[in-house]
1. Out of the residues in the stretch 81-132 that are touching a helix residue (DSSP H, G or I) at 6+ places or on another chain (Cβ under 6 Å) and loosely packed, with under 14 Cβ neighbours inside 10 Å, state the one that is farthest from residue 71 (Cα to Cα).
2. Return the residues of the stretch 8-40 that are assigned to a helix (DSSP H, G or I), over 17 Å from the mean Cα position of the chain (by Cα) and loosely packed, with under 15 Cβ neighbours inside 10 Å; say none if nothing qualifies.
3. Looking at the stretch 92-110, I want the residues that are at positive phi and have a partner that is surrounded by 12 or more Cβ atoms within 10 Å (Cβ to Cβ) with Cβ atoms under 7 Å, at least 6 apart or on another chain. Which pairs are those?
4. Here are some residues: 193, 183. Which one is touching a strand residue (DSSP E or B) at 6+ places or on another chain (Cβ under 9 Å), farther than 30 Å from residue 135 by Cα, part of a strand (DSSP E or B) and in contact (Cβ under 8 Å) with a residue 60 or more places away in the chain?
5. Has the stretch 221-237 got at least one residue that is closer than 16 Å to residue 152 by Cβ and of a type in the set (Val, Ile, Thr)?
6. Quick one: residue 199 ticks every box in (1) at pLDDT 95 or above; (2) closer than 24 Å to residue 36 by Cα bar one, so which box is it?
7. For the stretch 111-125, what are the residues that are touching a residue at least 60 places away in the same chain (Cβ under 8 Å), in a loop (DSSP other than H, G, I, E, B) and not charged (D, E, K, R)?
Amino acid sequence: MQEVKTRWLAEERAAHIHGWDFSHIADRYAEETDLPWDYEAVIRAHLAPQDRLLDIDTGGGEFLLGLKHPHARTSATEGYPPNVALCRSILAPLGIDFREAADVSQLPFESGTFDVVINRHGDFDPEELYRILKPGGLFITQQVGAENDRALVDLLLPGTPVPYPEQRLENVRSRFMRAGFQILQAQEAFCKIRFWDVGALVWFARVIPWEFPGFSVECCFDRLMLAQQKLETQGVLEASTHRFLLVAKKLLETDA
């Protein structure tokens with residue numbers, strides 16, 4: 001038991017990420033392998049080379065750079081201080097217009113600036129998005145839903161409240177419609193997340209404190225031992241993720 005605990009404590013100490021990089025546990029867990037949509041493909045279907053693109057809560061810019069959109073027509077925001085520093089060192093030298101912005105209800109851009117705004121697993125404000133988009137512009141987002149990872153949370157921290165109970169597709173769809181958007185695509189999915197190593201789960205829980213508040217190896221050791229027993233019996237720890245996809249169009253004045 002002490003040897004196992006020592007390994008888990010090492011994972012806890014290692015639980016720091018730059019941007020949104022889960023490569024530390026890449027070969028010990030898997031998620032988003034069975035989503036019924038391809039978020040990148042959805043964006044590419046709507047994004048033209050001449051479009052002005054904004055990525056809100058870009059993390060370290062990893063996904064944004066993968067799109068290979070012309071840098072001179074690309075902007076990004078991030079509010080988490082370690083990621084802000086990372087973006088300034090990586091995105092800005094490429095000619096991408098990076099701006100620090102922690103408050104998504106007050107974005108540092110002029111009204112009607114963007115053709116396409118994207119946001120993967122970040123925060124958003126429909127009214128502010130309506131302001132910064134051009135008429136006919138699109139907001140494309142993949143979001144983490146309220147029920148995400150709940151079986152894992154219940155395993156390690158039973159009785160923990162859902163942190164964002166309003167994060168459900170129908171709630172978000174209604175907010176955008178009230179703000180003046182037309183919904184072009186809306187999908188919701190509950191898919192699998194799998195761990196083949198409890199140490200990977202320790203690392204995962206530590207880097208997502210809003211889902212696993214107060215988690216530590218010391219305070220949850222008995223629950224981690226239960227997880228280890230389940231893993232040895234079943235060969236894998238498996239739970240459900242909760243995701244939804246939304247593509248919303250700012251209505252033209254003639255459509256309003």
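1. Within the stretch 81-132, the match that is farthest from residue 71 (Cα to Cα) is 105.
2. Matches in the stretch 8-40: 10, 13.
3. The qualifying pairs are 95/71.
4. Values: 183 fails: farther than 30 Å from residue 135 by Cα.
Only one candidate passes the filter, namely 193.
5. Looking for residues that are closer than 16 Å to residue 152 by Cβ and of a type in the set (Val, Ile, Thr), one finds at least one in the stretch 221-237, hence yes.
6. (2)
7. Matches in the stretch 111-125: 113, 121, 122, 124.
This table checks each residue for (1) in a strand (DSSP E or B); (2) hydrophobic (A, V, I, L, M, F, W, C); (3) more than 22 Å from residue 193 (Cβ to Cβ).
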{"residue": "127", "(1), (2), (3)": "no, no, yes"}
{"residue": "136", "(1), (2), (3)": "yes, no, yes"}
{"residue": "146", "(1), (2), (3)": "no, yes, no"}
{"residue": "151", "(1), (2), (3)": "no, yes, no"}
{"residue": "161", "(1), (2), (3)": "no, no, no"}
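The values are calculated or read from the model by the stated rules, or taken from the named source; none is laboratory data. Because the structure is a prediction, the values reported are computed rather than measured. Neighbour counts run over all protein chains shown; Cβ positions are idealised from the backbone, glycine included.
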